Amino acid sequence: MYDIAIIGGGPAGASAAVFASKAGKQTILFDHGKSITAMAWVENHYGVEGIKGPDLLQKGQEQASKFGTDIKKEEVSSIDESEDHYTIHTSEGSYDAKHVVFATGMSVKAAEQFGLETIKGTEPRVAKIIKSDSEGRTSKRNVWAAGAVAGVSVHTIITSGDGAKVAVNVISELNGERYVDHDVLK
């Protein structure tokens, strides 16, 4: 069983996966390959000259994979809720996880099918978002929302930061204490 399942392989999802797997959490990330970032040219990331959206997506997922994230190039078709976990179904198989993070960009389709409450979007061209609190928690136990689908700015640097924030909150909950990840030069 995975500790954390992340639905969405864009900047928010991949960033959440980096933090989760680097913290030693068994992490699975689902990417259906339809991220809007795939059409972007990004020049507004701190410390980055400029990068094609597809390259940014690839680098983020490679970094998550380096730390142990299990990446599935599969679309989530449904999610079942049990007393202590969730089962995520795709056309390729089923996967169990204790926590689920929705990082589905501008799409609430999977969240609505799962029964999460959605509200009017807060960003231009984002019709609906998942209702969540400032920590990323939704109305369902151990289900979180990160990035544009949670109502933060659609800019990739902001959604990636929000994915990291939500991952830190999930990790902290799993650990029973606040998690901090600071590497130092050797």
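FYI, it's all coordinate maths here, none of it is from the lab. Quick caveat: nothing in here was measured; it's all calculated off a predicted structure. Every residue, glycine as well, gets a Cβ built from its backbone with ideal geometry; the counts of neighbours run over all protein chains shown.
Computed quantities for the displayed model
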| read-out | value |
| --- | --- |
| Net charge of Cβ neighbours under 11 Å - reference VAL170; Lys, Arg +1; Asp, Glu -1 | +1 |
| Label-point gap, in nm, between GLN113 and THR87 - each point 7 angstrom along Cα→Cβ | 1.6 nm |
| Full-stretch length increase - LYS140, GLU177 - with 0.36 nm per residue and alpha-carbon distance subtracted | 11.2 nm |
| Rounded Å value of the spacing that divides the Cα centres of the stretch 28-95 and the stretch 121-137 | 19 Å |
| Descending semi-axes in Å of the stretch 26-75, equivalent ellipsoid built from Cα gyration tensor | 22, 14, 6 |
| Inter-probe distance in nm under a simple model that places probes 7 Å from Cα toward Cβ, at SER77 and LEU185 | 5.2 nm |
| Spin-label model distance (nm) - ALA38 vs LYS120, 7 Å beyond Cα toward Cβ | 3.2 nm |
| Volume per residue of the C-alpha convex hull in the chain, rounded to whole Å³ | 116 Å³ |
